[in-house]
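First comes the structure, then the notes that go with it.
The values are calculated or read from the model by the stated rules, or taken from the named source; none is laboratory data. Everything quoted here is computed from the prediction, not taken from an experiment. Cβ coordinates were reconstructed from backbone atoms using ideal geometry, including for glycine residues, and neighbour counts include every protein chain displayed. Only protein heavy atoms, including side chains, enter the accessible area calculation; ligands, DNA and RNA are left aside. Shrake-Rupley method; radii C 1.70, N 1.55, O 1.52, S 1.80 Å.
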Amino acid sequence: MIDRSGALVVLAALLVSGVTDGAETLASTARPSREQPTTIERSDEQQARDWGLSSDEWTRYRELMRGPLGIYSPNLDPLTALGIEARSDEEQRRYAELQAQAEARRVEKLLAYQRAYDAAWQRLKPGMPRVALPDAGAASSPAVPATGERLAVFVKDACTACDHAVQQLQAASVGFDLYLVGSRNDDALIRTWARRIGIDPAKVSNRTITLNHDAGRWLLLGLPGDLPAVLRKVNGQWQRQ
């Protein structure tokens, strides 16, 4: 699924503005009434092509999002919506394959930019803890990036137990991706927190430790218990250590 940390892709709504100026209104009135639908149709076709869909599939997506699915999940991307409401195994497989291809392209672009960002940070702010870009590396999970044997560590500020857990992991030379819950996408807050508990900038620079905004991931995981939470992926599921 596309996070939607998201790590999911949200299409912009199509806005069709009316012209209120007197002269332009007269000119608009003089045009054949069929021109406006033609403009909208072209836009829909372009958006359908962006997702590898036919016009009929795009129309079905729009209809689905006007129903209960759109009320429960208003930010679903077209492939996810169509896949959830697939009418056959063949349809479901088609949308799953399209989504896998689209996500692979998205992640490839994101990782390329993350590398450029890392290089720029190293040139401009050497020695300062670096915060990973939102959703960087989130390839196969809507909540937490798939990182092999790496741990995902969720903490919050003003939490002594969280501080101790992270300090122990760092002392043990364990690689982990840290998520600060409640950071409000404030890079300065994350860096201040990291300096306060003694995160080694060198380990951040070489990505032994990554600093990330939680961006709702902890809630999406829906795991019981309070923070800190040290998680490992077991059989495709995130579990507490």
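Some observations on this one:
The rows are residues; the columns are (1) basic (Lys, Arg); (2) at pLDDT below 90; (3) exposed (fewer than 13 other Cβ atoms within 10 Å of the Cβ); (4) not in a helix (DSSP H, G or I).
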position: Asp56; (1), (2), (3), (4): no, no, yes, no
position: Arg62; (1), (2), (3), (4): yes, no, no, no
position: Gly70; (1), (2), (3), (4): no, yes, no, no
position: Thr80; (1), (2), (3), (4): no, yes, no, no
position: Ala86; (1), (2), (3), (4): no, no, no, yes
position: Glu90; (1), (2), (3), (4): no, no, yes, no
position: Arg94; (1), (2), (3), (4): yes, no, no, no
position: Gln99; (1), (2), (3), (4): no, yes, no, no
position: Ala102; (1), (2), (3), (4): no, yes, no, no
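- If you check Ala152, Ala229 for being surrounded by 19 or more Cβ atoms within 10 Å (Cβ to Cβ), closer than 30 Å to Arg105 by Cβ and at pLDDT 85 or above, only one passes: Ala152.
- Just one residue in the set Leu231, Leu178 is closer than 30 Å to Arg123 by Cβ and in contact with a strand residue (DSSP E or B) (Cβ under 7 Å, 6 or more places away or on another chain); that residue is Leu178.
- A search for C-beta distances below 9 Å between a residue of segment 172-190 that is closer than 20 Å to Thr208 by Cβ and any residue that is hydroxyl-bearing (Ser, Thr, Tyr) and part of a loop (DSSP other than H, G, I, E, B), counting only pairs 6+ apart in sequence or on different chains, returns Ser173/Thr208; Val174/Thr208; Gly175/Thr147; Gly175/Thr208; Phe176/Thr147; Phe176/Thr208; Asp177/Thr147; Ile190/Ser183.
- Restricted to segment 104-120, and to residues there that are open to solvent by 40 Å² or more (accessible area, probe 1.4 Å) and under 21 Å from Ile199 (Cα atoms), the residue that is farthest from the chain's Cα centre (by Cα) is Ala119.
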